[in-house]
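Report on the following structure.
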Amino acid sequence: MTRIPPLPALKAFLAACRAGSYSAAAEELNVTHGAVSRQIQSLEEWLGQKLFERSGQRMAPTSHALAFALEVSEAFERINDAAQRYGKGSASMLLRVSAPATFAMRWLIPRLGDFHQQHPGMLIQVQTATTQQISLAGSFDLAIRRGSPQTDHFSAQPFLDEWLTVVAAPSLLARVPLDSLLDLPRHVLLETETRPGDWQQWLNSAGSTAHGTPARLRFDHFYVTYTALIDGLGLGIGPVPTLEHDVNVGRLVLPFADIRTPSRRYYSLTPAGVPKTLIHRKFESWLLEQGNIQGARQEAPAGI
């Protein structure tokens, strides 16, 4: 059985660290100064480590104690969060969704209004993650990731196919035309470190390797590349459907919409063994519905 320190001692310890003194902690907890002192002493004995030292007229937490307090506080927050999510009442209508930053901003968030219209009262809390955080660490109920993880710790459900093609700002093409593949060397190609190989994959599909070597700019994340795209700094390889809305409103265009190459699928991931709440099941079904709608439009890419 896992051994943990006494909870009253932990509560007194956190209050003293937060308030900065035993007296302030006692006032916060509505107990005596001596009660706080005894609880912290019991915790120090349990840990075999001094947590407070005298500083003038008060007892101040050590650096070791502050580090411990941070982790204990996070653990209490997770317990509180779990109690809210799995208890009765409106908290069970909350779903924490982790998604890649660009996908969340360009695909998921613009569509959430439809989910809330279908399911009023259900709350989606979006947590964005960079590609470097695809380790699936953190506190969430459902994660959206590109590509299925090679792990038994999550159940995966595919809901959206991605394909790649050239994307550009209309302002760029007004300055430097792109009428055929022969015009590619006149442009700067925008690359993304977190999506290596996208350009080469598309160039191979287009058979354009013999048309010269364009200049290139490289960025660390796609949302930075996206900003450069909108500003007309160069051509990008667009993950469609992520950028569909930008194409629909005229922010971006697809010069070679008929030349496309498939990329990885998007999956909704759920920690294995965790029971799915009603909102969890509704949201997964909605993701699949949106993916099917998107897939039907992708059958004719030139019409996007």
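Out of all the residues in segment 231-240, is one or more over 29 Å from residue 126 (Cα atoms), modelled with pLDDT under 90 and not in a strand (DSSP E or B)? Within segment 231-240 (the criterion being over 29 Å from residue 126 (Cα atoms), modelled with pLDDT under 90 and not in a strand (DSSP E or B)), the answer is no, since none of the residues qualifies. If you filter segment 173-190 down to residues that are outside any loop (DSSP other than H, G, I, E, B) and without any contact (Cβ under 8 Å) to a residue 40 or more places away in the chain, you find that the one that is surrounded by the fewest Cβ atoms within 10 Å (Cβ to Cβ) is 174. Against the conditions (1) in the same structural domain as residue 152 (by TED's automatic domain parsing); (2) surrounded by fewer than 13 Cβ atoms within 10 Å (Cβ to Cβ); (3) of a type outside the set (Ser, Thr, Tyr); (4) at pLDDT 90 or above, residue 290 satisfies every one except (2).
Taken over segment 19-56, residues that are touching a residue at least 24 places away in the same chain (Cβ under 8 Å) and part of a helix (DSSP H, G or I) amount to 9. Out of 198, 246, 258, one residue alone is within 30 Å of residue 155 (Cβ to Cβ) and outside the structural domain of residue 102 (by TED's automatic domain parsing). It is 198. In this structure, residue 76 qualifies as assigned to a helix (DSSP H, G or I) and either more than 27 Å from residue 139 (Cβ to Cβ) or modelled with pLDDT under 90 (or both).
Scanning segment 17-51 for residues that are in contact with a Pro (Cβ under 7 Å, 6 or more places away or on another chain) and crowded, with 17+ Cβ neighbours inside 10 Å yields a count of 4.
Within segment 130-162, the set of residues being modelled with pLDDT of 90 or more, touching a Lys or Arg at 6+ places or on another chain (Cβ under 6 Å) and part of a strand (DSSP E or B) comprises 158 only.
Here's the yes/no breakdown for (1) crowded, with 17+ Cβ neighbours inside 10 Å; (2) within 20 Å of the chain's Cα centre (by Cα); (3) without any contact (Cβ under 8 Å) to a residue 24 or more places away in the chain; (4) not in a strand (DSSP E or B):
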residue: 226; (1), (2), (3), (4): yes, yes, no, yes
residue: 229; (1), (2), (3), (4): yes, no, no, yes
residue: 247; (1), (2), (3), (4): yes, no, no, yes
residue: 251; (1), (2), (3), (4): no, no, no, yes
residue: 256; (1), (2), (3), (4): yes, no, no, yes
residue: 267; (1), (2), (3), (4): yes, yes, no, no
residue: 279; (1), (2), (3), (4): yes, yes, no, yes
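The values are calculated or read from the model by the stated rules, or taken from the named source; none is laboratory data. What you are looking at is a predicted structure, and each value in this text was computed from that prediction instead of being measured. Because the Cβ atoms are built from the backbone with ideal geometry, glycine has one as well, and the counts that use them run over all protein chains shown.
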